[in-house]
Amino acid sequence: MKITSFDEYQQAYKKSVEQPEEFWAEVAENFVWRRKWDKVLEWNFKDPSIKWFQGGKLNITENCLDRHLEKNGNTPAIIWEPNDPNEHHRVLTYKQLHDKVCQFANVLKNNGAKKGDRICIYMPMVPELAIAVLACARIGAVHSVVFGGFSAQSIADRINDASCSLVITTDGGMRGNKEIPLKSVIDDALVQCKSVSKVIVLTRSRTPVSMIKGRDVWWEDEVKKVETQGNPACPAEEMDAEDMLFILYTSGSTGKPKGVVHTCGGYMVYTGYTFANVFQYNKGEVYFCTADIGWITGHSYIAYGPLTQGATALMFEGIPTYPDAGRFWEIVDKHKVNILYTAPTAIRSLMSFGDEMVDGKDLSSLTKLGSVGEPINEEAWHWFDEKIGNGNCPIVDTWWQTETGGIMISPIAGVTKTKPSYATLPLPGIQPILVDENGKEVEGNGVSGNLCIKFPWPGMLRTTYGDHERCRTTYFATYNNLYFTGDGCLRDEDGYYRITGRVDDVLNVSGHRIGTAEVENAINMHSSVVESAVVGYPHDIKGQGVYAYVVSPDKHGDEEITRKDIMMTVSRIIGPIAKPDKIQFVSGLPKTRSGKIMRRILRKIAEGDTSNLGDTSTLLDPAVVDEIKGGAL
Ligand code: WT7
């Protein structure tokens, strides 16, 4: 399954296009199935209907855990580094992780959870988060992990959308020197959630929390019950390849976040295959992915992908700048990390603290570096290459999305020649195509267009939870018979791909995906806001910042305090990650006669480029543009 030379890559790629079913069947042979599939692939992008490995039976946790026990039971599966460097780190071997997952799977069963139920997980980056995720998969329950930075309202929306019956959380959590009151946020969320009957609370900070009789139980007490019941094993539930594995919510250009659905068989094969290949993982290497399990990167490349391959994954609870901006490098030094997978926003931020934060740390264990989440600028690429990789670690710039399940376009470490800011070439099985606005293919090299994928791959989304039509219209209806990514892309003279960013109203702020419409809806809920328009603007560290134009004629107090009120409102409605960086008060928004906001103009002004605003003659009130220009922040 592992490609080791560029020749082999080209052969694998060719085969994957000419004989996709044979290709993926061979890859799938590297996993443990209770029963082999009857049919590798059946698909159409019209409905869409995508089925991989139909008739196949498996449980992904047998691939992540059980199959390693005999030979590698004592290999560390998870090394956990706490937020506070003075607290002891933890190591869980495959055997220990297996036992803890079985134990907690039994806790879930004791609390009424069964196959097909949806379970919401809202936890900080502690090993029990991985255990909770795997325990759900063990019993065939569908997990819906919500990132710890989302508000009570966002959690409630997600719980209600999927009718979750159970929530797993912690009393509190530590991020840097801030304490996050997770249980209290869950309590606020649950006021709106009728479907939840049980909340399992892990002790982390032992901060005082409310515990409601009959609903809230402590993780540790429930584990003890399982122990005294004397049933430590938990046989894995047999799942169909196309049974749902998890839901993960992500933002789009309209409406509320949608629940992207991934299924058991294809997702397992795809994340395992891409992990092994892109990072060229060798047995014994320590792999550190700095993402949070609350995002797809953590699902695919901290939990499932690495574990299917018997890898040792380092999980970090804290933030890159605590106790100082040398923390990542200290972790690399302390745990002798070999592979580091992080985000451009983190690289840019750490770079800005100066080389002295790196100097003195021994980074010689590093052999491979990875980047994900947003375009990486050349300056950051070179600093990562030279200062962190000492010029001899290949950098894999991996392009993919929540919807794609795994890495799509990326170098294979040490195999594909890299080029700064280029995701380079599609992995085997991935058939990218660039199209113009009318959906016409842009052929040849040295061209650019909208990035689409023309053939299914095993890790792709199957639907959006509870609303298949939304899945169809969002991804499969823009261009006939193509999956549309929402990204703009160029293909250079060598056929290398470079992702240029979203072409829709989706922002990428510090690698977090945020819909402008969502932020506008939150701002508009503020009592003195009439209307608003949100656009992105280039931000040195975050990649993109959130710029809000707000119409608010009757402010309560001065502008500055109203700005803060609006930020607080957004924090409450969505979460602190969506807070606008800049709020400009305006008397009106530039609209066409038909009432459409001309975002193009607002984007230009936010970017600070007011020289060429294009044609403004179709505007209802062209004068408003001059006012906005004059007041730009
Ligand atoms: C969007 C997907 C994939 C895991 C993290 C983000 C942008 C992602 C790259 C990259 C340029 C990238 C795209 C994409 N993106 N990786 N290597 N180069 N852009 O997942 O939250 O679903 O966001 O992130 O715009 O569409 P996500």
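No lab work stands behind these numbers, since they all come straight from the coordinates. None of these values were measured; they are calculated from a predicted model. Please note: Cβ atoms are built from the backbone with ideal geometry, for glycine as well, and neighbour counts cover all protein chains shown.
Quick rundown of the values:
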| read-out | value |
| --- | --- |
| Unit charges at the beta carbon, dipole of the chain: most positive-side option, SER617, GLY439, ASN72 | ASN72 |
| Size of charge dipole - the chain - debye, nearest 20, with Cβ of Lys, Arg +1 and Asp, Glu -1, no other charges | 1420 |
| Mean separation of Cα contacts under 8 Å (6+ apart) over length of region 510-630, as relative contact order % | 23 |
| Over region 578-633, equivalent-ellipsoid semi-axes from the Cα gyration tensor in Å | 18, 13, 11 |
| Whether region 116-170 is rounded, prolate or oblate, judged on the alpha carbon gyration tensor where a/c under 1.5 counts as rounded | oblate |
| Convex hull volume of region 1-40 per residue (C-alpha atoms, cubic angstrom) | 42 |
| Neighbourhood net charge (14 Å Cβ-Cβ; Lys/Arg +1, Asp/Glu -1) for GLN96 | 0 |
| Cα→Cβ-extended label distance, 7 Å offset, between ASN282 and GLU26, nm | 2.4 |
| Two-decimal Rg to Rh for region 191-294 - Kirkwood Rh, Cα set | 1.03 |
| Cβ-based charge dipole, the chain, positive-most Cα from GLY214, GLY630, PHE484 | GLY214 |
| Coordinate range along principal axes, alpha carbons of region 198-256, Å, largest first | 47, 36, 22 |
| Paramagnetic reach from SER163 in region 195-226 [backbone N under 15 Å; point 7 Å along Cα→Cβ] | 195-197 |
| Computed Rg/Rh of the chain, alpha carbon atoms with Kirkwood Rh | 0.95 |
| Per-pair calculated FRET efficiency, R0 = 25 Å: GLN192 and ASP84 via Cβ, rounded to 0.05 | 0.15 |
| Mean separation of Cα contacts under 8 Å, 6 or more apart, over the residue count of the chain: relative contact order % | 12 |
| Reachable lysines from LYS100, criterion Cα separation under 22 angstrom, eight or more residues apart if same chain | LYS71, LYS109, LYS114, LYS115, LYS198, LYS224, LYS225 |
| Highest average packing first - 107-113, 2-8, Cβ atoms within 10 Å | 107-113, 2-8 |
| Pair TYR322, PHE6: separation of 7 Å Cα→Cβ label points (nm) | 4.4 |
| Ranked CYS393, CYS64, criterion: other C-beta atoms within 10 Å, fewest first | CYS393, CYS64 |
| Highest-first arrangement of 68-79, 537-548, where packing means the average Cβ count within 10 Å | 537-548, 68-79 |
